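Here is the structure we will look at, set down as structure tokens.
The values are calculated or read from the model by the stated rules, or taken from the named source; none is laboratory data. Computed from a predicted model, the values in this text were never measured in an experiment. Neighbour counts run over all protein chains shown; Cβ positions are idealised from the backbone, glycine included.
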Amino acid sequence: MTDFVLVQGAWHGAWCWQRVLPGLWRAGHRAFPVSLTGVGERAHQLAPTVTLDTHIADVLAVIAAEELHGAVLVGDYLYGTDIAGSQLIAAEFTTGKVKWKAESIGRVSMVYADGLLYLHGLNGDIALIEATPEAYREKARFTPPDQPRHKQVGTYPEQAYAHPVIANGRLYIRDLGTLWVYDIKGR
């Protein structure tokens, strides 16, 4: 399952995704169309004070309200995987300009803390990446010990979908019924 935040082009509203949404849902994905302030269904809110920053806030509000975590916004840059899940990407949030793409551990869940991205791959691997738009800088990569056995579900195997969690100087990684806890205070 993938979460999609759908943002339309100029002067359209969330309505323009009506034909796309059922296909995404049937495929098991979640999709969140965004109506930007001042256009589409929200055209009545158009005012001289509506700017690109307003539209960025609209998108971030949906991400926050729906608790979407497949991408992370750090400063002015968004980090996440490409649609195929094969590459990690850093992109300038306001323009969409890709700063770098790199092979990593595949499709991931991630969390940000202290200048680093903690990635948990659907394959169970863990990677630690420096959160910088300058270049891909992998600090560490490992596979937690004693991985749970994933069964085949239809044509797809089970995968590690849980997001990593950082609390009180510890990194928590969960996969099925297994939980690993790593002390990251003294990294």
Given the criteria touching a Leu at 6+ places or on another chain (Cβ under 8 Å), modelled with pLDDT of 90 or more and among the acidic types (Asp, Glu), does GLU134 qualify? no
I'd like the residue in the range 159-187 that is touching a residue at least 40 places away in the same chain (Cβ under 8 Å) and touching a Phe, Trp or Tyr at 6+ places or on another chain (Cβ under 8 Å) and, out of all such residues, is farthest from ASP3 (Cα to Cα). LEU171
Within the set of pairs 6+ apart or on separate chains, which have a first residue in the range 135-158 that is closer than 16 Å to GLY106 by Cβ and outside any loop (DSSP other than H, G, I, E, B), a second that is among the β-branched types (Val, Ile, Thr) and modelled with pLDDT of 75 or more, and C-beta atoms under 6 Å apart? GLU138/ILE129; PHE142/ILE126
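Kindly evaluate PRO148 against the criterion of being under 26 Å from VAL181 (Cα atoms), at pLDDT below 85 and in the same structural domain as LEU179 (by TED's automatic domain parsing).
yes
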So which of ASP82, ASP3, ASP114, ASP58 is within 30 Å of VAL181 (Cα to Cα), of a type in the set (Asp, Glu) and modelled with pLDDT of 85 or more? ASP114
Only one of (1) closer than 23 Å to HIS163 by Cβ; (2) surrounded by 15 or more Cβ atoms within 10 Å (Cβ to Cβ); (3) not basic (Lys, Arg); (4) not assigned by TED's automatic domain parsing to the domain that holds GLY186 is not met by ILE105, so which one is it? (4)
Among the residues of the range 175-185, write down those that are at pLDDT below 90 and within 19 Å of TYR112 (Cβ to Cβ). LYS185
Failed item, numbered, when ALA43 is tested on (1) of a type in the set (Gly, Ala, Ser); (2) at pLDDT below 80; (3) surrounded by fewer than 16 Cβ atoms within 10 Å (Cβ to Cβ): (2)
Residue check for VAL34: modelled with pLDDT of 85 or more and surrounded by 14 or more Cβ atoms within 10 Å (Cβ to Cβ): yes
Please list, ordered by first then second residue, the pairs with beta carbon atoms under 8 Å, 6 or more apart or interchain, first in the range 78-107 and closer than 23 Å to THR54 by Cβ, second polar (S, T, N, Q). none
Within the range 159-170, considering residues that are part of a strand (DSSP E or B) and closer than 18 Å to ALA71 by Cα, the one nearest to the chain's Cα centre (by Cα): VAL165
